[in-house]
Amino acid sequence: MTRRTAKAPPRTITAREAATLVRSGMWLDYGGCLNQPDAFDAALGERVGELTDVKVRGCLSTRPRAFLEADPAGAHTTAYNWHFSAYDRTKSDAGRCFYVPLNLGEVPDYYRRFIEPVDIFVVKARPMDADGWFNFGPTNLWHNAIAERARLVIIEVTPDLPYVFPRENGLHVSEVDFIIPGETGPLSELPRTPPGDLDRRVAALVAGEVEDGATLQVGIGAMPNAVCSLLKEAGVRDIGVHTEMLTDGVIDLYRAGVVTGARKRLDPGRIGFTFALGSKSMYEALDNNPDMACLPVDYTNTPHIIMQNDRVVAINSTTQIDLQGQAASESDGRRHISGTGGQLQFVRGAYASQGGKSFICLSSAYERRGVRRSRIVLDLTHGNIVTTPRSDMMYVVTEYGIANLKGRSVPERARMLIELAHPDFREDLERRAFDARLFPRHTPAAFHVP
């Protein structure tokens, strides 16, 4: 990693003064998650009417963005986003925010090789420490890669972020052009969805596959967190964590002594992640804790790094899967919902790990407007984006069972997935699969998966 050197020592200015540095046609970058600026954003929102064609790139907005709220028709600004939060999704629906396709672990390379240097990078960080570092807190992602080539770097200082190791999780004063005082107040929290009976049934199947000394990657949602709850009671030991997102479920395992990282090859004894989003209790657990390491996303998410730990277990969710094993996890037709994130990279990294396993979890059905629909389908909804292709799919899990699709033919996959579907839809799925020639035409009744 090449560290940037600013042309002069940084000056402290107000957020309004910083916003006057923005000119029409500029590219701005807000970083991601808890590090997106608020004071600067509010000041930019006050003057958007003076500007045209200002483009702002960000990720996982945890609060409304003032520049968007002040420009509802999009006459002056456009937002681009690496992964949607609920707020970003509403702005996408309104035509104000556009998704950037990716594998999350590749984004630092995009900034270094393919994206023009941003004009202004403004990011939240803690006040400078005695060694001259502004710590990012619980979000690292690609912040350093942006700063390397940015024309101006602005730190919005806030003491509310927890201090999260290592020291390099931040920017040095020598890399910074301006410092602005930020707002104080509680950090945004992610409400914890309690698992239901269905979530626990899926989680029990996954938890039964986790061995002592495994290294976990846990995605967002009730099902993955339910796995953490069951592991706490299952008696497994010396679990390690190398993950993209750090969740409250993992912190529960850490506090219970289940997560020790003692058998990890990479970063033994430490929980490695690239961003954390959850409760105040989780942020308190991270603060000044040497067992925690907030690392760049090209380290946490790259398959050739993931695979260096043994027995990697990747646990992720999807919303729809077809009978050949394609998982659509980020859209509803052409309507974008979230993002690819690191799902595919962890699927691949876990498979390549010695003894590794990848699990894609889903409920067999869902209800919309009083009508129950199957999440396992012959064909994906028209326009749906494939997040994990059939060639990469390993374990699929619903409340009705678990199936490993590796090495299975199309007819075998179809049969196995039909058996994971809700009973109300199995007969229709089987008929459709036969009509689509996914099964041998001459022996449909005799076909059986061993």
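We did not get these values from a lab; they are worked out from the coordinates using the rules stated. This structure is a prediction, so every number in the text was calculated from the model and none was measured. With ideal geometry, Cβ positions are generated from the backbone for all residues, glycine too; neighbour counts draw on all protein chains shown.
Given H placed on each backbone N at 1.01 Å, which residues far from I337 in sequence or on other chains put an amide H within less than 5 Å of it?
When sequence neighbours closer than 5 places are left aside, the close amide H contacts are S331, D332.
Among all the aspartates and glutamates, which ones have a C-alpha under 12 Å from K280's C-alpha, if same-chain residues fewer than 8 places away are not counted?
D160, E189, D248
Calculate for the chain the 222 nm mean residue ellipticity that helices alone would give, adding -39,500 (n - 2.57) per DSSP H run of length 4 or more and normalising by residue count, nearest 500 deg cm²/dmol. Walk me through the numbers on the way to the answer.
Details: 15 runs with 121 residues, N = 450.
Using -39500 (n - 2.57) per qualifying helix, the result is -7000 deg cm²/dmol.
In whole Hz, what ³J(HN,Hα) sequence does the stretch 365-378 give by Karplus (6.51, -1.76, 1.60; θ = phi - 60°), x for Gly and Pro?
3J(HN,Hα) across the stretch 365-378, in whole Hz: 8, 9, 10, 9, 6, x, 10, 7, 10, 7, 7, 9, 9, 5.
Students often check this: by mean Cβ neighbours within 10 Å, which of 161-171, 134-144, 119-129 ranks highest, and how do the rest follow? Provide the component values of the computation, followed by the final result.
Values: 161-171: 20.5, 134-144: 26.2, 119-129: 22.6.
Going by the mean number of other Cβ atoms within 10 Å, highest first, we get 134-144, 119-129, 161-171.
Looking only at the stretch 387-405, which residues have a backbone nitrogen under 12 Å from a spot 7 Å from the Cα of A204 in the C-beta direction?
399-401
In sequence order, what are the phi-derived ³J(HN,Hα) couplings for the stretch 274-282 according to the Karplus relation 6.51 cos²θ - 1.76 cosθ + 1.60 with θ = phi - 60°, rounded to whole Hz, with x for glycine and proline?
For the stretch 274-282, the Karplus-derived couplings read 10, 7, 10, 8, x, 9, 4, 4, 5 Hz, x marking Gly and Pro.
What number, in percent, do you get for the relative contact order of the chain if the mean sequence gap of Cα pairs under 8 Å and at least 6 apart is divided by its residue count? Each step should come with its number before you reach the end.
Details: 1090 pairs, mean separation 59.1, N = 450.
For the chain, the relative contact order is 13 percent.
Have a look at the DSSP beta bridges in the chain and tell me what percent are antiparallel, nearest 5. Let's see the in-between values first.
Numbers: 17 of 66 bridges.
Around 25 percent of the beta bridges assigned by DSSP in the chain are antiparallel ones.
Could you state the number of Å between the C-alpha centres of the stretch 365-412 and the stretch 296-363?
14
Quick one: putting +1 on the C-beta of Lys and Arg, -1 on the C-beta of Asp and Glu, what dipole do you get for the stretch 342-450 around its Cα centre, in Debye to the nearest 20?
On the way: 17 positive and 11 negative charges, 39 e Å.
The dipole magnitude comes to about 180 debye.
State to the nearest 20 debye the size of the charge dipole of the chain about its Cα centre, where the only charges are +1 on K and R beta carbons and -1 on D and E beta carbons. Let's see the in-between values first.
Details: 52 positive and 55 negative charges, 194 e Å.
In total the dipole reaches around 940 debye.
Is the stretch 5-56 best put as rounded, prolate or oblate by its Cα gyration tensor, with a ≥ b ≥ c the root eigenvalues, rounded for a/c under 1.5, and otherwise prolate when a/b is larger than b/c, oblate when not?
Numbers: a/c = 1.45, a/b = 1.27, b/c = 1.14.
In terms of gyration-tensor shape, rounded.
Output the Kirkwood hydrodynamic radius of the stretch 11-181, Cα pairs only, in Å rounded to one decimal.
Values: mean 1/r = 0.0627 Å⁻¹.
With all distinct Cα pairs of the stretch 11-181 included, I get 15.9 Å.
Which of the three applies to the stretch 156-241, rounded, prolate or oblate, going by the alpha-carbon gyration tensor with a ≥ b ≥ c and a/c under 1.5 meaning rounded?
Working: a/c = 4.07, a/b = 2.09, b/c = 1.95.
Here the stretch 156-241 falls in the prolate category.
Subtract the Cα-Cα distance of A130 and T5 from 0.36 nm times their separation in residues, and report this length gain in nm to one decimal. Could the numbers behind the result be given before it?
On the way: separation 125, 0.36 × 125 = 45.00 nm, distance 1.88 nm.
So the chain would gain 43.1 nm between A130 and T5.
Once the Cα atoms of the stretch 137-201 are picked out, what are the Rg and Dmax in Å?
Rg, Dmax (Cα atoms, Å): 17.0, 53.
With the crude spin-label approximation of a point 7 Å out along Cα→Cβ, what separation in nm comes out for R334 versus A262?
About 5.6 nm, to one decimal.
Would you mind checking which residues have amide H under 5 Å from M26's amide H? H placed 1.01 Å from N; only 5 or more apart, or other chain.
Those lying under 5 Å, H to H, from M26 are K55.
Straight-line reach from K91: which lysines fall under 21 Å, measuring Cα to Cα and dropping same-chain residues less than 8 apart?
Those lysines meeting the cut-off are K55.
List the lysines whose alpha-carbon lies under 17 Å from that of K357, not counting same-chain residues fewer than 8 positions away?
K264, K406
Would you mind pulling out the separation of the Cα centroids of the stretch 1-67 and the stretch 148-188, in Å?
Cα centroid to Cα centroid, the span is 13 Å.
Per-residue HN-Hα couplings for the stretch 319-325, Karplus 6.51 cos²θ - 1.76 cosθ + 1.60 at θ = phi - 60°, whole Hz, x for Gly and Pro?
Computed from phi, the couplings for the stretch 319-325 are 10, 7, 9, 8, 6, 9, x Hz.
Which of A147, V122, A86 sits closest to the plus end of the dipole of the stretch 11-181, meaning its Cα is farthest towards the positive end, when Lys and Arg get +1 and Asp and Glu get -1 on the C-beta?
Value computed over the given set: A86.
So what is Rg over Rh here for the chain, counting just Cα atoms and using Kirkwood for Rh?
Details: Rg = 23.0 Å, Rh = 23.0 Å.
Result for the chain is an Rg/Rh of 1.00.
Under 18 Å from a point 7 Å along the Cα-to-Cβ line of D109: which residues of the stretch 1-38 have their amide N that close?
Residues 1-2 fall inside that zone.
Under 5 Å between amide hydrogens, which residues at least 5 positions from A314 or on another chain qualify, with H placed 1.01 Å from N in the peptide plane?
Answer set, sorted by chain and number: Q217, K357, S358, F359.
For A75 paired with E183, estimate the spin-label separation in nm (one decimal), with each label point 7 Å from Cα along the Cα-to-Cβ line.
2.5
In Å, what Kirkwood hydrodynamic radius results for the stretch 102-141 from the alpha-carbon pair distances? Show your work: numbers first, answer last.
Numbers: mean 1/r = 0.0810 Å⁻¹.
After inverting the mean inverse Cα-Cα distance, the result is 12.3 Å.
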